[in-house]
Amino acid sequence: MTNLLAARLDMAVSLAFHIVFAAAGIAMPLLMVVSEWLWLRTRDPVYLELTKRWLRGTAILFAVGAVSGTVLSFELGLLWPRFMRWAGPVIGMPFSLEGFAFFLEAIFIGIYIYGWDRVRPLTHWLAGVVIAVSGCVSGIFVVCANAWMNTPAGFRMAGGEAVDIRPFAAMLNPAAFQQVLHMTIAAYLAIAFAAAGIHAWALRRDPGNAFHRRALAIVLGIAAVCAPLQLVSGDVSARQVGHAQPVKLAALEGQWRTERGAPLRIGGIPDERTETTRHAIEIPGMLSWLVHGDRNAELKGLDQVPHADRPPVTITHLAFQLMVASGTAMLVVALLGAFLWWRRRALPVSRWYLGLVVLASPLGLVAIEAGWTVTEVGRQPWIVYGIMRTRDAVTPMPGIAVPLVVIAALYLLLAGVVLTLLRRQVFASPGMAAARRGARR
Amino acid sequence: MTPQLLLGGVLLAAMVLYALGAGADFGGGVWDLLAAGRSGERQRAAIAHALGPIWEANHVWLILIVVLLFVCFPLAFATITTALHVPLTLMLIGIVLRGAAFTFRTYDRDDVRVKRRWSRVFAIASIITPVMLGVCAGAVLSGRIRVDPATSVMTSDFVTPWLAPFPFAVGLFALALCSFLAATYLTLETTDRELRRAFRARALGAAIAAGVLAWVSFLLARHGAPAMHHGLSSRAWSLPFQVTTGLVALGALAALWQERYVLARALAIAQVTLVVCGWGFSQFPALVVPDITIANAAAPDSVLRAILWALACGAVVLFPSLWWLYRLFKAGAARESRTEP
Ligand code: HDD
Ligand code: HEM
Ligand code: HEM
C-alpha cells in the first residue's frame, strides 16, 4: 500500500466513523427537546422517561463524537500538512467559529445531563435548545470548510502561497449553501429513521407500549418533513455540482462522453476500460434537463479532461446511485406513513408497516456515507479542486498504514461497545406502569 | 500590539486554561488508578462526580488551540504534526480511550467487574495523554526539530526530536502537575473528612514529585534543550519569574499542610499558570525552537484581524456560559466544605 493510499484510507475511516456521531450530535438534541417540551406541556411521565432515554443515548454518542472529532482536527495536519500549511488560514474562519459552537454544546450538555435538579424546568429545556442549535451550527461551519475544498474561493495563489485572503468569502464559497442545506437535512432524516427503526422494532414485539408509540410519533413526524425536502435539496446540490465541478457530475452520472440531450442513468455499472456505462435504465434527455433546464443542452462528459484528472468513476457512480436509491426508498416509506396516519387518524402501527420502517432504518446513515463518498472521491485527484492535488498534500512521514490499522481497530471496538450500550440504555422496553396505563388510555 | 503577538497571547491563555481544566481531569484518572485503602471506592466516586459535568467543556480548549495554531501559524502546525506524528498519535489514542471509557463506565452495567474494567482503561489513557503532550512540548523546546527557513521543508527526522530524555522528563513533569492539580481540587469536592485527608496526602506527594521532576527537566535541558536552558538561566526576567514560581509552589505546599484548602487551590492554580507561561516566555518568540517564530509562521494580517474579531464575539457567549457551568457544579461543593467545621 502506498503512503498516499494509506493516508486517504485513514482519513476516510476517521471521517466515516465521525460522521455517524456528528449526525447524532445534530439531530438527537432536537428529539430530546421536542420530547421534553411535550413533558412540560402534558406532564405525562412517559415523555419524561423518553427524554431521559434519548438523553442517555445522546450522552454516549456525543462523547464518542467529541473524541473522534478531535482525532480529525489533528489528522488534518498528521496526514495533510502540506495542504494545511497554505490552506489553514483560508478555511480557518469556519473552523474557529465552530470551536465556539463546540464549547456551547459541551457546556450545555453538561448542564443538561447533570442539571435536572439544579435548574428550573424551563431553564433545563432552554439548555437543551442551546445544545440543539449549537450542534446544528457546528455541522454548518465544518461543511462550509469542506465546500471550500470543492469550490475554493476567497484567495489568490501566488508562488505556492495563498494571498489576498478574504476569510468570509472563503467560508461562504459557491458550494457552501447547497452542501450545508443538504447535510443538515441529511442528519435529521438519517437519525429520525434510525430512531424510528429502533422504536418500530420494539413495538412489533410489545405492541401496546405507549413509550415506543410516542417515540415513533415524534420521529416519524420529523422524517415525513425531511424526506421530501432532502429530494429537493439533492437536486439543488446536483445542479451546483454540474456548474462548478462538471467532471464530478460526469463521474457520478457515469457520463463518459460530452453530448447533447444526455440521458439520466438509473443504476448501471461504469466500465473504465471501454469508457461506457452499461446496464443502466436511461431516461433520454433527462440529465441535460435536470442540470441545464433544457432537454437538448450539451452536457460535459469525462472526456473533457485528461485521464490523470478524472476521479475513480465506478466508486463515485455507484455511491451516487446508492444515495439516491436510499433517499427514494425513505421518501416512499415516510409518505406512506403520513398517508396512513392521515387516513386512519392514528399512528400507523400495523405489523407490516412497522416492518417496513425497521428495514428502512439504516438507509439514512447509508445515504450519508454514500453521499460523502461521492463528494470526496468525486473530487479526486484534487484535494482542493483545480488547485492542489491530493498526492502533493500528503505527509512525508512513512508508514501511515500503521496508524490506519490502529485507528480502524480502535473504532471497530468503540462501535461494538456503543451498540451494546445503546441497546441496554435506549432500545429496551421500559416496564413502566405509566407506559402501560398510557397504552390503555 | 500586533495581531500576531495578540494571537500568540491568546494561544498561551488557551493553553493555561486547558492545563487548569483538562489537566486536572487527567490527574483525576491518575488518582482513579491509585485509589486504594478503605475509602478507595469513595475516592473513585468523588472523582467521577467531579469530572462528569465539565470534562467535555474542558477538552474543547485543546480543539481551540489546534484550530488557532493551523489558522494563525500554519507553518508551526504543519511542522509539529509532521515531526511529532508518533507522540501525537499516541496522545490521540489516549484522548479517544479516556473520553470513551469514562462515558462507557457511566452507562454500562452496574457490575463491579465491568466498572473496574472501564476504570482501568480510563485511568491508563488519562496517564498516556498528558505524558505525550508533555513529550511534544519538550520536543518543541528541544531545538531538534529543524526547518529550512527558505523552503519551509523539515530537515530533521521523525524520531530523534522526541525520543530523548528531556522530552520524557517534561512529560512526567506534566503528569505530576496534573495529578497535583487534581488532588488539590478534589479536597474541595467532598465533605467527607477521610476522603479529604486522602486527597490532601496525594496532593502533597504529587507536589513533591512535580518539584523533583521540574529540577530533573531543568538539568536535562542543558543538553536536551540548550536554547531554553540558556534562556531560563540568563534572561533578565527569568530569575524573578522562577523565584516567584518557586515561592508559589512552596506556598501551595504549606497551605495544603495546614489544611487551608481554598488557599491551596488558588495557589495551585497560580503555580500551573506560571509554569505554562514560563514555558511560553522561555521560547518566545519561537513557536518551534529554533527555526519557526511567531513572525515567520504567521498568516497574513487580514486573516489574523478577522480571527481576532471572531474570537472576541465568541468570548462574549463562551465565558458567561462557562461561568454558569462552573457555578452550577463547583460553587456548591466549595461552599459546603467551607462551612463545615
Ligand atoms: C440522508 C441522506 C441523504 C439523502 C437521502 C440524499 N443525500 Fe445527497 N448527500 C448526502 C446525503 C443524502 C450527504 C452525505 O450529506 C452529502 C455529502 C456532502 C454533502 O454536502 O451532502 C451528499 C452529497 C450529494 C451530492 C454531492 C455534492 C457535492 O459534491 O458538492 C449530490 C449531487 C447529491 N448529494 C444529490 C442527491 C440527490 C439527487 C438525492 C436524491 C434523492 C440525494 N442526494 C439524497
Ligand atoms: C467537513 C468535512 C470534511 C473535510 C474537511 C474533509 C476533508 C478530507 C480530506 C482533507 C481528505 C483527504 C484528501 C482527499 O482525498 O481529497 C478527505 C478524503 C476523504 N473523505 Fe473527506 N472531508 C470531510 C467530510 C467527509 C465525511 C463526513 C466523509 C464520510 C463519511 C468523508 C469521506 C472521505 C473519503 C471517503 C475520503 C477518501 C477519498 C479518496 O481518497 O478517494 N469526508 N476528506
Ligand atoms: C475534517 C473534518 C472534521 C473535523 C476536523 C471535525 C472536528 C470535530 C471536533 C474536534 C469535534 C469535537 C467537539 C467537542 O469536543 O464537542 C467534532 C464534533 C462534531 N462534529 Fe465534527 N469534524 C469534522 C467533520 C464533521 C462533519 C462533516 C460534520 C457534519 C455535519 C461534523 C459535525 C460535528 C458535530 C455536530 C459535532 C458535535 C456533536 C458530537 O460530538 O457528536 N463534523 N467535530
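Look through segment A:79-90, keep the residues that are modelled with pLDDT under 90 and touching a helix residue (DSSP H, G or I) at 6+ places or on another chain (Cβ under 6 Å), and return whichever of them is surrounded by the fewest Cβ atoms within 10 Å (Cβ to Cβ). If we take residues in segment A:79-90 being modelled with pLDDT under 90 and touching a helix residue (DSSP H, G or I) at 6+ places or on another chain (Cβ under 6 Å), then A:82 is surrounded by the fewest Cβ atoms within 10 Å (Cβ to Cβ). For segment B:284-316, the set of residues classified as surrounded by fewer than 19 Cβ atoms within 10 Å (Cβ to Cβ) and under 30 Å from residue B:224 (Cβ atoms) consists of B:284, B:285, B:290, B:295, B:296, listed by residue number.
Taken together, the criteria place residue A:424 among residues that are among the charged types (D, E, K, R) and at pLDDT below 85.
Does residue B:232 satisfy the criteria of being crowded, with 17+ Cβ neighbours inside 10 Å, of a type in the set (A, V, I, L, M, F, W, C) and at pLDDT 90 or above? In short, no. Listed here are the helices (runs of 4 or more DSSP H) enclosed by segment B:216-311 that have at least 2 residues being over 21 Å from the mean Cα position of the chain (by Cα), farther than 30 Å from residue B:161 by Cα and among the hydrophobic types (A, V, I, L, M, F, W, C): B:238-257.
When residue A:218 is tested against (1) away from ligand 3 (no atom under 16 Å from the Cβ); (2) free of Cβ contacts under 8 Å to residues at least 12 places away in the same chain; (3) more than 14 Å from chain B (Cβ to nearest Cβ), just one condition goes unmet, and that condition is (2).
Residue A:331 meets each of the listed conditions (1) modelled with pLDDT of 85 or more; (2) over 29 Å from the mean Cα position of the chain (by Cα) apart from (2). Just one of the numbered conditions (1) more than 7 Å from every other protein chain (Cβ to nearest Cβ); (2) closer than 23 Å to residue A:171 by Cβ; (3) more than 9 Å from ligand 3 (Cβ to nearest atom) is not true of residue A:48: (2).
Note on segment B:61-106: among residues that are within 7 Å of chain A (Cβ to nearest Cβ) and small (Gly, Ala, Ser), the one that is nearest to residue A:96 (Cα to Cα) is B:78. Please work out if residue A:133 is more than 16 Å from ligand 1 (Cβ to nearest atom), more than 11 Å from chain B (Cβ to nearest Cβ) and under 30 Å from residue A:153 (Cα atoms). In short, yes. Residues that are assigned to a loop (DSSP other than H, G, I, E, B) and more than 7 Å from chain B (Cβ to nearest Cβ) occur in segment A:90-112; there is at least one. Number of residues in segment B:208-225 that are polar (S, T, N, Q) and over 18 Å from residue B:175 (Cα atoms): the value is 0. Among the residues making up segment A:65-89, a single one is more than 7 Å from chain B (Cβ to nearest Cβ) and outside any helix (DSSP H, G or I): A:80. Of all residues in segment B:167-191, those that are touching a Ser or Thr at 6+ places or on another chain (Cβ under 8 Å) and at pLDDT 90 or above total 4.
The values are calculated or read from the model by the stated rules, or taken from the named source; none is laboratory data. Since the model is a prediction, treat every value here as computed from it, not as a measurement. When we count neighbours, we look across all protein chains shown, and the Cβ atoms used for this are built from the backbone with ideal geometry, even at glycine.
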